[in-house]
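S.K.: Before I ask anything, here is the structure I am working with.
Here, each number is a calculation from the coordinates, and none is a lab measurement. None of the values given here were measured: they were computed from a predicted structure. Methodologically, a virtual Cβ is constructed for each residue, glycine included, from the backbone with ideal geometry; neighbour enumeration extends over all protein chains shown.
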Amino acid sequence: MNKKRILTLVLQIGGIALLVYVDYLLKELAVRSLSDGPTVLIPNVLGLRLTQNTGAAFSMFSSSPTVLSICTGIALAIIMIVMTLIKNKPRIYDVLVPLIVAGGAGNLLDRIRQGYVIDYIETLFIRFPIFNFADILITCSCIALIVYLVYEMISDRKKETETQAKEKETEL
C-alpha cells in the first residue's frame, strides 16, 4: 500500500472516530436537555424530542435489537474491509463511505451500550420518524452516493452512445 493510500485511510478512520464522538456528544446533550420534554427550535418546522428507538430506520426490526446489532456490525466490518482493499475507486467514495460507517457505528454503539438508539430531531411540518445526527450522516451520504452512481451511469451511457455514433460514421 502506498503512502497516499495509507494517509487516506488514517484520515478516514480519524474522521469516523471524530464523527462517532460528535454523535455521542449530541446524544448525551439531548438526554440531559430534553428529559423534561420536547423543545421547538423553529415553530411548525423543527423540534427536539427525546426518544429511544430499539429498531432501525422507521423502527424496523424493533423486536430484534440483538439481530439488528449483529447485522449492523457485520455490515460495517465488510464496508471497512472493502474500503481498505478496493483501489482506484472514485474519490467521492473516500468521503461518503466513511460518513456512512460513522453513522452506522454511532447508532451501533448506542444499541450495544443501552439496547436502543437515542433519537432527538423531530420534523414538525410533516409526520416523520424522529432521528439523530448519525441517521443524517447515513441518509445524506447514501443519497449523495446514489446521485453520483446515477450520474456515472448516465455519463457512461452517453459516452457509449457517442462512441457508437462515431463508429457508425467511420463505417460510412
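S.K.: Using Cα centres only, tell me the gap between segment 5-31 and segment 93-132 in whole Å.
M.R.: 13 Å
S.K.: Further question: Tabulate in residue order the Karplus-calculated ³J(HN,Hα) for segment 18-25, using 6.51 cos²θ - 1.76 cosθ + 1.60 with θ = phi - 60°, rounded to whole Hz; enter x for Gly and Pro.
M.R.: 4, 5, 5, 5, 4, 4, 4, 4
S.K.: Continuing with this model, one more query. State the Kirkwood hydrodynamic radius of the chain in Å, one decimal place, computed from all pairs of distinct Cα atoms.
M.R.: Averaging 1/r across every pair of different Cα atoms and inverting gives 18.5 Å.
S.K.: I've got another one for you. To the nearest 20 Debye, how big is the dipole of segment 3-171 about its Cα centre, given +1 on the beta carbon of each Lys and Arg and -1 on that of each Asp and Glu?
M.R.: Details: 17 positive and 15 negative charges, 89 e Å.
So the magnitude is around 420 debye.
S.K.: I've got another one for you. Just in segment 40-144: which chymotrypsin sites (Phe, Trp or Tyr not before Pro) are loop by DSSP and have at most 13 other Cβ atoms within 10 Å?
M.R.: PHE125
S.K.: Next question, about the same structure. Springs between alpha-carbon atoms under 10 Å, Gaussian network over the chain: tell me which of GLU122, GLU162, GLU28 tops the mean-square fluctuations.
M.R.: Answer for the Gaussian network model of the chain: GLU162.
S.K.: THR139 to LEU85: extension gain in nm, 0.36 nm per residue of separation minus the Cα-Cα distance?
M.R.: That works out to 17.0 nm of additional length.
S.K.: Right, here's the next one. Check LEU124: other-chain or 5+ apart residues with amide H under 5 Å from its amide H, H built from backbone geometry?
M.R.: VAL45, LEU46, GLY47
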